[in-house]
Structures are given as structure tokens and as C-alpha cells.
Amino acid sequence: MDQSPFIEIGLPIALFVIMIGIGLSLTSADFVAHARRPRASIVGLIGQLTLPPLLALGIAWAFGLTPLMALGVVLVAAAPGGATSNLATYLARGSVALSIILTVAASLAAIITLPLWMDFATRIIPGVESLDVRMPLGETFALLIGVVLAPVAIGMVLRAKRPQLAEKMERFVGLVGMIVLVLLIVFIVIDVRGQIVELLIAVAPVAAVFNLCLILIGGLVGWLGRLDVTDQLAIAIEYSIRNTTLAMVLAFAVMQKPEVGVVSAVYSIVMYVTMFLVIAAGRRMVARDVATQAAHSDTVGGERSLAHGSAKTDVILG
């Protein structure tokens, strides 16, 4: 598979634009709010940095994946949550603030954790050592700082200095990033058109199982952490929507293994399909939770009224 200039140049540009959008959506108030109530952020972040890569290794073993495909799944898992998770969380009526915090925190942490996970994977996945697959730590760190840390910082500075401009740019940047990502996937599909059926048959089931497992694990982490429904939703969505653009940048530009990047492209399609299902389910969950809380509040209020009336009667009769 030959890499087109659009992929080589477009991928880093798309990621840079998307990460600026994340920075534009973040304010100091988001940090302050969750600093006062950090449990959701801590639980969600620790799980996000550890559980998906471990799950990816398990799925690679269970499906008997080829070495490059296994590395592709681990790369998707080691990547942080994608910017689309914030929009999906909003539409699902989850905790948007928590979603943004997790996206930014995981993106920054991934500068260290992602290369470490990939180095670990290349050492334990059978057959990788014979394929000359490398992810140079120095080059990877430099790229991650350039396309993750720098644009997020630029977005945050713009948000702090020019909030009105930032609000206008946020919508535009998100749209541009999404369009470029779609075009990138189209170009990748064109490049592998001779193998597309074979790749889809091999990758799509793995991507679907992996995505569904991430949704369930995210929800379970939130539930075990005794978080409310909106936080559980934010974590489940954050775990399932990965920064596949970053994964493709690393696969094509650093590892120079297009076969590894194809897994990210297929996962992108799968995660957006399931995203709509999670949004629909999430809206129902939140509505049911609100109704339950309202009914409980009415019941408690009625019991208090009865108790108050009974006390008045006792006083009068007494």
C-alpha cells in the first residue's frame, strides 16, 4: 500500500486542527469544578490509560490476529479519547465537563503512556520481532508534543484571551477536522481497494467487539466508582471513541506500517456507527434516572408532609 501525499500531509494537519478544537472547548472553570470533585476524573483517567490496552492484547490473542493487526488494535487502545466524544456525550446528556477533562488529560498523558504501551506490545506479541516494527521513543515524543500538546495549549490560550472568537472557531475547527478525517478514511480505502473486502472481513468483527467491550468497561468503571449516570455515560463514551487520527499519524508517519493504520481507519467507521446507538441509549438512561429521582423526591416529600401533619394532630389532640 503506497502512501499518498494527502495521507502523509493531511493526517498531521487534521490532528493538529482537531486538538486545537479540544483546547478551544476547555476553560479554567472545567478544571476548578472537577478539582473540587475529582473522583470521577481520577477513576475515569486511570481506567482509560490502563484497561483499553490490556483489553486489546486480550482480543488480539483471542482472535489470533496477525502481528501487524494486533499492533493496530493496541495502537487504537493506547490512543486517548477522541474529540468527538465531547459532542457525543453532550447529545447523550452525559457529563460534558467530565468528558472534556478526560479527553485533555488522557491526550497529555498519552505523550508518555502511548509509546510505552506500544513498546510493551512489540515485545510480547509473537512474530513482531521478525517484522522490523519500531516506534522510536524520541521521534514519537516529539510528534506527540507537536500535534497534541502544542495545539491544545494554543486553543486554551485563545479561549482565555478571546472567548468570543474561540466560540466561533470551535464550531468551524470541529467541522473541518471531521471533514478531513472522513476524506482521510476515503483515501485509505482507495489505497487498499484491492484488499478492502479481505481487510473488512478480518478487521471489522475485531473492531466491533473491541468497541462494544470498551463501552461496557467504561460504564462498569463508572458504576464501580459509584458515579452518577451522567458520569458513567461520559466515561463509557470516552473509552469507546478513540483518537484514531492520532493512531493513524503514528502508524503512517512514525512506524511507517500502513497495515497497522488500516485498523484505526476501520475502527473509526465502527465507533461512529455505535456512537449513535450509545447516544440513544444514554438519553433513555438519563431520562429514566431523572424520573426515578423525581419520584423518589415526591415520595420523600409526601412522607415528610404526612409526618408533619401527624405531629400537628398529636399536638392538637394532646
**Item:** Solvent accessible area, Å² - Glu139, 1.4 Å probe, full protein context
**Value:** 90 Å²
**Prompt:** Among 255-265, 199-209, how do they line up from the highest to the lowest mean number of other beta-carbon atoms within 10 Å?
**Reply:** 255-265, 199-209
**Message:** Probe radius 1.4 Å, ligands and nucleic acids ignored: give me the carbon and sulfur share of the accessible area of the range 60-166 as a rounded percent.
**Reply:** 68 percent
**Message:** For a protection proxy built on the mean count of beta-carbon atoms within 10 angstrom, sort 245-252, 40-47, 85-92, 284-291 highest first, please.
**Reply:** 245-252, 85-92, 40-47, 284-291
**Asked** Mind listing the phi-derived Karplus ³J(HN,Hα) values for the range 279-295, rounded to whole Hz, using 6.51, -1.76 and 1.60 with θ = phi - 60°, and x for any glycine or proline?
**Response** 4, 4, 5, x, 4, 5, 4, 5, 4, 5, 5, 5, 5, 5, 5, 5, 5
**Request:** Compute the accessible area per residue over the range 64-148, keeping the other protein chains in place, probe 1.4 Å, unit Å².
**Result:** 37 Å²
**Asked** Residue-wise, which Karplus ³J(HN,Hα) couplings in Hz belong to the range 207-214, taking 6.51 cos²θ - 1.76 cosθ + 1.60, θ = phi - 60°, and x for glycine or proline?
**Response** 4, 5, 5, 4, 4, 5, 5, 5
**Request:** Give me the accessible area per residue for the range 187-269, probe 1.4 Å, as a whole number in Å².
**Result:** 37 Å²
**Complete:** The set of residues whose placed amide H lies less than 5 Å from the amide H of Arg242, leaving out same-chain residues fewer than 5 positions away, is Gly82
**Prompt:** Carbon and sulfur together cover what percent of the accessible area of the range 198-295 at a 1.4 Å probe radius?
**Reply:** 71 percent
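The values are calculated or read from the model by the stated rules, or taken from the named source; none is laboratory data. Values in this document were obtained by computation on a predicted structure and should not be read as measured data. Cβ: placed from backbone, ideal geometry, glycine included. Neighbour counts: every protein chain shown. To get the accessible areas, we keep the full protein, side chains included, count just its heavy atoms, and leave off ligands, DNA and RNA. Shrake-Rupley method; radii C 1.70, N 1.55, O 1.52, S 1.80 Å.
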